[in-house]
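See below for the structure under consideration.
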Amino acid sequence: MNDAFIGSADSRFDGSVSIAIVTAVASKRDVDPTELPPLYEWIEPDALDALFEPTRRGGPRRGHLEFTYDGHEIGVECGDGLEITVDGVPMVEPVSTADAGHSSEYRTDA
């Protein structure tokens, strides 16, 4: 299995669910994220990120979203932690939703 970090160049997650999804799909395909088509052709990235941001009071959001991105079934589960799946396979280690908007390391398992 390929261990890769999801996030910015310094191997830290920047809290952007949309970037984490593109990075997870790229990892699954073993390609650079820039080789994938823009996520906005399937879903609005800003709305996706806003959906999973902490509440105005700083509490975690809870919810589940599924959509298709470039032939892959994507699942985002936000409860006690944040989990992203690609084609039913968890791609990111779940982390506390309290950390979801902060710099926390996420690793793919693909």
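What are the residues in region 54-83 that are β-branched (Val, Ile, Thr) and assigned to a strand (DSSP E or B), if any?
Going residue by residue through region 54-83, those that are β-branched (Val, Ile, Thr) are 55, 68, 74, 76.
Selection gives 68, 74, 76.
Looking only at region 62-104, which residues are modelled with pLDDT under 85, surrounded by fewer than 14 Cβ atoms within 10 Å (Cβ to Cβ) and of a type in the set (Asp, Glu)? Spell out how you get there, then give the answer.
Step one: of region 62-104, the residues modelled with pLDDT under 85 are 62, 78-82, 91-104.
Narrowing further to those that are surrounded by fewer than 14 Cβ atoms within 10 Å (Cβ to Cβ): 62, 79-80, 96, 102-103.
Once the filter is applied, which keeps residues that are modelled with pLDDT under 85, surrounded by fewer than 14 Cβ atoms within 10 Å (Cβ to Cβ) and of a type in the set (Asp, Glu), region 62-104 yields only 80.
Residue pairs, Cβ under 6 Å, 6 or more apart or interchain, first in region 39-67 and within 14 Å of residue 79 (Cβ to Cβ), second of a type outside the set (D, E, K, R) and outside any loop (DSSP other than H, G, I, E, B). List them.
52/17; 52/78; 61/78; 62/78; 63/78; 65/76
Does at least one position in region 54-61 carry a residue that is at pLDDT below 90, touching a Phe, Trp or Tyr at 6+ places or on another chain (Cβ under 9 Å) and charged (D, E, K, R)?
Checking region 54-61: at least one residue is at pLDDT below 90, touching a Phe, Trp or Tyr at 6+ places or on another chain (Cβ under 9 Å) and charged (D, E, K, R).
Take the residues of region 23-38 that are open to solvent by 100 Å² or more (accessible area, probe 1.4 Å) and free of Cβ contacts under 8 Å to residues at least 24 places away in the same chain: which is nearest to residue 82 (Cα to Cα)?
First, the residues of region 23-38 that are open to solvent by 100 Å² or more (accessible area, probe 1.4 Å): 30, 34-35.
When the remaining residues are screened for being free of Cβ contacts under 8 Å to residues at least 24 places away in the same chain, the result is 34-35.
Numbers: 34: 24, 35: 25 Å.
Among residues in region 23-38 that are open to solvent by 100 Å² or more (accessible area, probe 1.4 Å) and free of Cβ contacts under 8 Å to residues at least 24 places away in the same chain, the one nearest to residue 82 (Cα to Cα) is 34.
Please identify the pairs in which a residue from region 72-89 that is under 20 Å from residue 55 (Cα atoms) has its Cβ atom under 7 Å from the Cβ atom of a residue that is open to solvent by 20 Å² or more (accessible area, probe 1.4 Å) and basic (Lys, Arg), counting only partners at least 6 apart or on another chain.
78/61; 78/62; 79/62
Inside region 33-53, can you point out the residues that are at pLDDT 95 or above and in a loop (DSSP other than H, G, I, E, B)?
Answer for region 33-53, where residues must be at pLDDT 95 or above and in a loop (DSSP other than H, G, I, E, B): 36, 37, 38, 42, 43, 44.
The values are calculated or read from the model by the stated rules, or taken from the named source; none is laboratory data. Small disclaimer: the values here were computed from a predicted structure and weren't measured. Cβ: placed from backbone, ideal geometry, glycine included. Neighbour counts: every protein chain shown. SASA here: full protein model, heavy atoms, side chains in, ligands and nucleic acids out. Shrake-Rupley method; radii C 1.70, N 1.55, O 1.52, S 1.80 Å.
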